[in-house]
Amino acid sequence: MEEWPSISSDLAALIGAINDNVHNFDALEDLDALPRRVGLSGLADLPWLLLGAGTAGAALAVAARPHRRKGDPIVPPPRRLNI
């Protein structure tokens, strides 16, 4: 019983910190709803969603790069002027 004031003080500080951060918990709940909009099960699947988006972006970047055809001449890059 002699330690109760110390324990009560610690618990009050913890409850105060939780109360100060309720908006962060609400934001986390909103973040959890994001993957559900595209049919995933929540934050557990969010990394897969990001991996899919990154893979699609990389594939588009590779597809958009210029290709050299077999008979095309190799054109050297333009020379830089030394000024």
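In degrees from 0 to 90, rounded to the nearest 10, what is the angle of the helix 46-64 Cα long axis to the longest principal axis of the chain?
It is inclined by approximately 10 degrees.
Considering only DSSP states other than H, G, I, E and B, which GluC sites (Glu not before Pro) in segment 2-83 qualify as loop sites with at most 10 other Cβ atoms within 10 Å?
Loop-located and lightly packed - E2, E3.
Order the peptides 66-76, 46-56 from the highest to the lowest mean number of other Cβ atoms within 10 Å of their residues.
Details: 66-76: 5.9, 46-56: 11.4.
Going from most to least packed, we get 46-56, 66-76.
Using the Kirkwood formula on the Cα atoms of the chain, what hydrodynamic radius do you get, in angstrom to one decimal? Intermediate results must be reported in sequence, preceding the final value.
Numbers: mean 1/r = 0.0519 Å⁻¹.
When all Cα pairs of the chain are included, the Kirkwood radius is 19.3 Å.
Each value in this text was obtained by applying a stated rule to the coordinates, not by laboratory testing. In this text the structure is predicted, and so the values were computed from the model without any measurement. Here the Cβ is made from the backbone with ideal geometry for all residues, glycine too, and neighbour counts use every protein chain on show.
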